[in-house]
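Visitor: Pasting in a structure now, in structure tokens, and then I'll have a few things to ask.
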Amino acid sequence: MGTVQEILKVKGNAVLSIGPQASVLDAAVLMNKHKVGSLVVIDADTVMGIITERDLLQRVLAVCRDALKTFVSEVMTAEMLCCQPHTTVEEARLVMKNHRVRHLPVVDDDGQLHGMISIGDLNAYESHSQEQTIHLLTTYINGRT
């Protein structure tokens, strides 16, 4: 069974982040520029939370807040769910499904950030694994070694 670390080996450990005192507009522009759905909120090398597309929709747009005058710290999700490098892909998928989240920061036992995985990353991993299984079974059935 695969682990989150295997996904990060392919995807990389880069995580887009933003400071808590940045404007929500800055966060939205950064997400849009990099085509991502979330940013980790970091202040002085400490993970403070996560800001997601859903946060922007529910806590800014739906209540008509000014994106230029609203700070990330005011609308971010402070109590975020995380996983560890040794977390299995299936465990990560269950957490995302049960808590209805699409992004999980990956941290070690000391809380050090190692990367970020998304539901898209999990789907790509599963798809690749299934393609490999199909290839191996086809090779076996056709008698090729």
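The values are calculated or read from the model by the stated rules, or taken from the named source; none is laboratory data. In this text the structure is predicted, and so the values were computed from the model without any measurement. We place every Cβ from the backbone using ideal geometry, glycine too, and count neighbours over all the protein chains shown. For the accessible areas, the whole protein counts, side chains as well, though only heavy atoms, and no ligand, DNA or RNA atoms are used. Shrake-Rupley method; radii C 1.70, N 1.55, O 1.52, S 1.80 Å.
Visitor: Of all residues in region 57-75, which are open to solvent by less than 30 Å² (accessible area, probe 1.4 Å) and under 18 Å from P105 (Cβ atoms)?
Guide: Of everything in region 57-75, those that are open to solvent by less than 30 Å² (accessible area, probe 1.4 Å) and under 18 Å from P105 (Cβ atoms) turn out to be V72, V75.
Visitor: Only one residue in V41, V15, V36 is within 15 Å of the chain's Cα centre (by Cα) and assigned to a strand (DSSP E or B), so which one is that?
Guide: Step by step, each of V41, V15, V36 is checked, and only V41 is within 15 Å of the chain's Cα centre (by Cα) and assigned to a strand (DSSP E or B).
Visitor: Within region 88-100, is even one residue assigned to a helix (DSSP H, G or I) and in contact with a Pro (Cβ under 6 Å, 6 or more places away or on another chain)?
Guide: No; the residues of region 88-100 include none that is assigned to a helix (DSSP H, G or I) and in contact with a Pro (Cβ under 6 Å, 6 or more places away or on another chain).
Visitor: Here is a list of conditions, (1) among the β-branched types (V, I, T); (2) at pLDDT 95 or above; (3) under 16 Å from V107 (Cβ atoms), and I51 meets all of them except one; can you say which number that is?
Guide: (3)
Visitor: Now a separate question. Give region 25-36 a look and list any residue that's at pLDDT below 95 and surrounded by 16 or more Cβ atoms within 10 Å (Cβ to Cβ), or say none.
Guide: V36
Visitor: Check off (1) closer than 18 Å to D26 by Cα; (2) in a loop (DSSP other than H, G, I, E, B); (3) of a type outside the set (D, E) for P85 and give me the number that stays unchecked.
Guide: (1)
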